[in-house]
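Notes to accompany the following structure.
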Amino acid sequence: EAGVTQFPSHSVIEKGQTVTLRCDPISGHDNLYWYRRVMGKEIKFLLHFVKESKQDESGMPNNRFLAERTGGTYSTLKVQPAELEDSGVYFCASSFTWDRGNSPLHFGNGTRLTVT
Amino acid sequence: AQSVTQLDSQVPVFEEAPVELRCNYSSSVSVYLFWYVQYPNQGLQLLLKYLSGSTLVKGINGFEAEFNKSQTSFHLRKPSVHISDTAEYFCAVSDAGYSTLTFGKGTMLLVSP
């Protein structure tokens, strides 16, 4: 079974540019999550999809971030325009159900974004 | 609101020595507690979890953790570490029956020969 895959693994962009991160969850996992870790800080929740619907986007920092999950399969996270403080590692995770007690989260390797 | 505190950002230890990584949480409701490990250039992997019942939880790779409700702690332990245990360890909490995890800042375990 393929795990959660994220592309690209690294991205270096200039302030003001646009970047799109992609996540392919484990097949059959309806629940998809985005998390972010800014250097030296906690891993923080960004949002949660159930199939193609946004279940919870309370962690999205501002309207420069746009997440989509068309067709309920892969997801993209676009940052436009990127700012220096957006640098960090963006993790995607998926699970079969939303209940953390019964359905573990499977994480991808992350995308390291550097904004210069 | 939930929060997780991992007081130690780094824990250096010699191979075959015991180790304890500390985790304290705050929450006003029933919680699930987790420890994740991130090896270099990899994603987070679940080590163990506490949902209910026995307060001592055993996980993969010889790790175990003890839930202490009165001290709101969930410390991770291993009696004898290996070089291969060098990684970053994250404690996380979720409200029981909910979806979102709240993570601590992580503790880097550095095992040397």
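The values are calculated or read from the model by the stated rules, or taken from the named source; none is laboratory data. Here the structure is a predicted model, which is why all the values come from computation and not from measurement. Here Cβ is always computed from backbone atoms with ideal geometry, including for glycine, and neighbour counts include all displayed protein chains. Heads up: the accessible areas ignore ligands, DNA and RNA and are worked out on the full protein's heavy atoms, side chains in. Shrake-Rupley method; radii C 1.70, N 1.55, O 1.52, S 1.80 Å.
Here are some notes:
- Some residue of the range A:72-82 being hydroxyl-bearing (S, T, Y), surrounded by fewer than 18 Cβ atoms within 10 Å (Cβ to Cβ) and within 12 Å of the chain's Cα centre (by Cα): yes
- Residue count for the range B:57-75 under the criterion of being aliphatic (A, V, I, L, M) and within 14 Å of chain A (Cβ to nearest Cβ): the result is 2.
- If you go through the range A:26-51 and keep only what is basic (K, R), in a loop (DSSP other than H, G, I, E, B) and within 15 Å of the chain's Cα centre (by Cα), you end up with just A:K51.
- Any hit, the range A:44-55, residues being within 22 Å of B:F90 (Cα to Cα) and either of a type in the set (V, I, T) or touching a residue at least 60 places away in the same chain (Cβ under 8 Å) (or both): no
Rundown of residues vs (1) open to solvent by less than 10 Å² (accessible area, probe 1.4 Å); (2) part of a loop (DSSP other than H, G, I, E, B); (3) within 14 Å of chain A (Cβ to nearest Cβ); (4) farther than 27 Å from A:G3 by Cα, yes/no style:
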residue: B:Y36; (1), (2), (3), (4): yes, no, yes, no
residue: B:R77; (1), (2), (3), (4): no, no, no, yes
residue: B:S84; (1), (2), (3), (4): no, no, no, no
residue: B:F90; (1), (2), (3), (4): yes, no, yes, no
residue: B:T100; (1), (2), (3), (4): no, yes, yes, no
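- One residue from A:S11, A:S58, A:S103 being more than 10 Å from every other protein chain (Cβ to nearest Cβ), in contact with a strand residue (DSSP E or B) (Cβ under 8 Å, 6 or more places away or on another chain) and polar (S, T, N, Q): A:S11
- Pick from the range B:16-34, criterion touching an Asp or Glu at 6+ places or on another chain (Cβ under 9 Å) and modelled with pLDDT of 95 or more, ranking: surrounded by the fewest Cβ atoms within 10 Å (Cβ to Cβ): B:R22
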